[in-house]
1. Out of curiosity, is A:GLY254 at pLDDT 95 or above and either assigned to a helix (DSSP H, G or I) or surrounded by fewer than 24 Cβ atoms within 10 Å (Cβ to Cβ) (or both)?
2. Among the listed residues B:LEU434, B:LEU474, B:LEU381, B:LEU411, which satisfies the condition of being touching a strand residue (DSSP E or B) at 6+ places or on another chain (Cβ under 7 Å) and crowded, with 17+ Cβ neighbours inside 10 Å?
3. Report yes if A:GLY235 is buried (at least 21 other Cβ atoms within 10 Å of the Cβ) and either within 30 Å of B:LEU402 (Cα to Cα) or without any contact (Cβ under 8 Å) to a residue 60 or more places away in the chain (or both), otherwise no.
4. Only residues that are of a type in the set (Val, Ile, Thr) and touching a residue at least 40 places away in the same chain (Cβ under 8 Å): list them for segment A:74-127, please.
5. Are any of the residues in segment A:200-216 at negative phi, hydroxyl-bearing (Ser, Thr, Tyr) and in contact (Cβ under 8 Å) with a residue 12 or more places away in the chain?
6. Is it the case that B:LEU402 is in contact (Cβ under 8 Å) with a residue 60 or more places away in the chain, aliphatic (A, V, I, L, M) and in contact with an Asp or Glu (Cβ under 7 Å, 6 or more places away or on another chain)?
7. Considering only residues that are more than 14 Å from B:LEU141 (Cα to Cα) and crowded, with 17+ Cβ neighbours inside 10 Å, which ones fall in segment B:47-64?
8. When the residues of segment A:231-241 are filtered to those that are facing another protein chain (nearest Cβ under 8 Å) and among the hydroxyl-bearing types (Ser, Thr, Tyr), which remaining residue is nearest to B:VAL336 (Cα to Cα)?
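The values are calculated or read from the model by the stated rules, or taken from the named source; none is laboratory data. Predicted model, so just to flag it, every value in this text is computed and none were measured. Note that each Cβ is placed from the backbone with ideal geometry, even for glycine, and that neighbours are counted across all protein chains shown.
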Amino acid sequence: MLNKRPRAIAAAVLLPVISVVAGFVVAGLAVAISGADPFQSFSALFQGAFINPRALPETLVATTPYIFLGLGIALGFRAGLFNIGAEGQFYIGALFGVFIGYSLHGLPSVLHITLALAAGILGGFLWAAVPGILKARFGAHEVITTIMLNYVAFGLVNFLINNGPMVDKASSAPRTPYIDPAAQLPILAAGTRLHAGLILAILAVPVVWFLLARTTIGFRIRSVGFSPTASRAAGISVAWTLLTTMGISGGLAGLAGADEVLGVSHYMPPSFSVGYGFDAIAVALLARSNPWAMLPAAFLFGALSSGSRFMQFQTQVSADVISIVEATVIMFVAAPALFQWIFRLRRAPAPPIKIASEEGATV
Amino acid sequence: MDLVIEWGQVHALLGENGAGKTTLMNVVYGLIRGDSGDILFDGSPAVIHQPTDAIRLGIGMVHQHFMLIPPLTVAENVILGHETVGPVGTVDLAKAQREVTALGTRYGLDVDPKARVADLSVGIQQRVEILKTLYRGARLLIMDEPTAVLTPQEAQGLFDILRSLAKEGKAIIFITHKLGEVIDIADRITVMRHGKVVATTTPGESSPADLARLMVGRPVMLQVDKGPARPGKPVMQLERLVIDDDRRHPAVNGVELEIHAGEIVGVAGVEGNGQNELVEALVGLRQPRSGRIVLNGREVTHATARTFISLGVGHIPADRHRMGIVLEHSIADNLVLSTYDRPPFARGIVRQLAAVLSYAKKLIKSFDVRAESPAQLVGSLSGGNQQKVVAARELGRNPKVLIASQPTRGLDVGSIEFIHKQIVQQRDAGLGVLLVSSELDEILSLADRVAVMYRGQIVGVLEGKAAERDRIGLMMAGAA
């Protein structure tokens with residue numbers, strides 16, 4: 001991780017940047033084909049993300065969950081795990097967080113917030129531990145099990161909140177009760193929704209970096225991700241490592257969910273997320289699983305997400321166009337060979353993201 | 001190299017792993033291009049650029065790992081790529097089934113054409129592979145290590161089939177490293193070593209011992225400076241060990257052996273006689289079925305790899321890239337791969353990188369690893385230097401026992417000498433070494449005692465003297 005030559009750093013930055021530019025080109029073509037003006041649309045997108053009143057705070061509000069989720073997914077990548085279940089873990093984390101938020105009263109704010117966030121971490125951890133155990137014990141592929149557990153999580157949340165035990169009986173809409181005011185994360189700028197969760201998310205970056213680069217747990221995660229066979233021969237328990245990695249990854253996703261409840265919505269409706277957990281896979285890929293790079297990557301996705309609403313309002317171009325940008329970015333980042341072929345660049349020496357499988361296929 | 005195959009004969013191609021047998025046959029089958037030279041088929045030059053050219057000429061290959069589609073039936077697999085298509089584009093399966101049955105009857109390859117391949121045993125699947133080549137009109141059959149996946153009974157069945165095919169006038173090339181099979185089945189034998197043909201002979205002219213010598217012998221004997229061993233008390237004892245292979249057949253069958261402090265015990269044997277399974281069990285990577293492994297008086301038969309390591313067992317694995325090193329880690333990280341979480345390399349869960357770095361610098365110097373810095377990725381080193389990193393890691397933590405499997409395979413002479421010297425030095429300091437090697441010369445020049453392994457058993461333990469080379473060769477062939 002240390003002593004990277006400037007050239008290598010430049011190459012590592014260049015790939016994501018060009019990927020994003022390519023994403024906009026492809027999305028712009030789609031906009032043009034649909035009959036709208038891509039330049040006008042993207043300028044509205046920019047305006048909606050940064051220029052308008054409260055645009056930047058809204059972008060930062062959307063950035064926050066992307067940082068947590070991206071870090072969690074990246075951690076999985078480093079061990080060779082593809083955690084597609086971040087969305088479900090996000091839901092369960094929010095569920096645990098909102099429960100602590102509305103069921104306790106009279107606690108000091110710091111304690112209440114800490115408890116609620118810890119509950120969110122626990123929820124995500126437990127939810128991710130299930131595929132972790134299935135993988136470690138029976139070799140069940142985590143891509144399948146985490147995707148399936150997403151639906152279980154959605155169903156569970158729907159059951160509990162839609163006329164279930166967690167519904168607010170005083171409300172006509174299906175939702176949980178509001179959390180206690182003491183559990184709300186403080187607002188950072190008056191008149192905006194920007195909350196202290198952003199600070200927590202930014203602090204999580206060095207923590208995850210330290211975990212990966214400086215602790216024995218991180219060393220185990222990276223060793224298993226690079227070579228499960230050599231790790232096993234060196235006495236590292238591969239099963240245990242995969243299980244803990246999955247748990248920590250889920251814990252970060254759960255933290256994102258609880259943070260969203262405590263900072264933004266203050267209650268939980270049955271359909272809670274706007275697909276943060278799926279977008280965050282792109283964030284982690286774009287950051288090439290580097291914790292520091294998660295900040296700009298999450299910021300970009302936060303901007304896309306908040307700017308696209310204004311773009312749709314202003315130009316009638318569907319906000320879904322943003323999905324084209326995201327998809328193209330993933331395609332480029334996930335297929336460095338394609339990228340090299342097009343741009344004939346030297347490959348940046350970043351660690352490959354391994355999708356764990358018997359064959360050890362590399363993406 | 002030259003090789004002449006005659007019709008109506010089973011021609012065995014014998015050699016150690018890496019001798020070039022499979023590469024040669026892949027050239028014949030068109031999977032790899034040869035650099036120079038010609039292939040004559042039926043007396044005329046053959047142009048074989050890809051497998052379809054080979055198939056058109058009548059060359060068929062049965063790979064070590066089958067190329068079958070498990071959910072499809074036998075008949076479907078056999079005709080795949082050569083289907084008879086009906087008027088509306090349908091496949092005439094009934095005709096295919098009749099043809100497969102007819103072929104099977106003719107060559108004694110009884111297989112139900114309607115059976116799903118996934119439901120068949122490995123032996124029967126191999127018959128389907130043979131049927132496939134015959135269906136495509138093969139007259140020359142290449143079998144790559146065909147018995148590697150078979151039980152002895154299945155292997156006998158295969159031999160019967162091959163004999164009947166030869167009687168029909170077909171030519172068969174039989175790639176193997178197992179001596180016994182060659183004597184059983186071959187009409188002619190070509191022995192390969194390091195990419196060259198070293199002899200072509202017949203079972204009548206050559207004894208198994210001759211063949212073993214031809215296979216593993218090396219013209220230049222490596223000299224290792226070493227004094228006589230001064231064995232101390234036993235550090236590792238193996239008692240009636242039975243160890244299964246991946247298919248749950250016993251690969252090691254009742255091995256008894258003692259390794260004393262300060263001696264090198266060599267395990268000689270043709271590869272595939274249970275050495276790999278034995279090594280894996282002795283480092284905690286494979287659970288023995290029965291028997292005991294005792295380490296310094298403590299039973300560790302079912303202990304984990306981590307326990308073996310912490311009790312002072314070092315391991316130089318045969319497969320360096322898969323088991324020995326993490327290519328994407330730095331040299332320093334590889335050097336602490338099994339001790340990363342112990343003091344002084346970690347305090348609690350926090351790694352102490354300065355301690356790792358200074359330890360790495362020390363080992364890099366004493367093991368003569370040619371590298372720019374400890375932060376360099378191991379993947380960028382040459383094979384010899386990678387192996388020195390493995391040796392440095394395993395010997396650097398002062399083990400009581402070293403299990404070394406093919407420690408110098410594929411290395412240059414300089415690295416071989418260096419690693420041999422390190423092993424002898426550590427022996428003199430009291431290390432007990434189990435050295436598994438298919439290079440008989442390596443065993444003879446290093447080992448103080450030689451245990452010969454054959455079919456999962458130790459068939460004899462001899463003093464490691466060059467004069468015993470012929471006896472060892474005989475024992476390796478199961479003939480003594």
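1. It is true that A:GLY254 is at pLDDT 95 or above and either assigned to a helix (DSSP H, G or I) or surrounded by fewer than 24 Cβ atoms within 10 Å (Cβ to Cβ) (or both).
2. Within the list B:LEU434, B:LEU474, B:LEU381, B:LEU411, the selection yields B:LEU434.
3. yes
4. Selection gives A:ILE84, A:ILE92, A:VAL98, A:ILE100, A:ILE113, A:ILE121.
5. First pass over segment A:200-216, keeping only residues at negative phi: A:200-216.
Next, only the ones that are hydroxyl-bearing (Ser, Thr, Tyr) stay: A:215-216.
If we keep only those that are in contact (Cβ under 8 Å) with a residue 12 or more places away in the chain as well, we get none.
No, because not a single residue in segment A:200-216 is at negative phi, hydroxyl-bearing (Ser, Thr, Tyr) and in contact (Cβ under 8 Å) with a residue 12 or more places away in the chain.
6. Against the criterion (in contact (Cβ under 8 Å) with a residue 60 or more places away in the chain, aliphatic (A, V, I, L, M) and in contact with an Asp or Glu (Cβ under 7 Å, 6 or more places away or on another chain)), B:LEU402 qualifies.
7. Within segment B:47-64, the subset more than 14 Å from B:LEU141 (Cα to Cα) is B:47-50, B:52-53.
Scanning segment B:47-64 gives a single hit, B:ILE48.
8. Looking at residues that are facing another protein chain (nearest Cβ under 8 Å) and among the hydroxyl-bearing types (Ser, Thr, Tyr), I get A:SER231.
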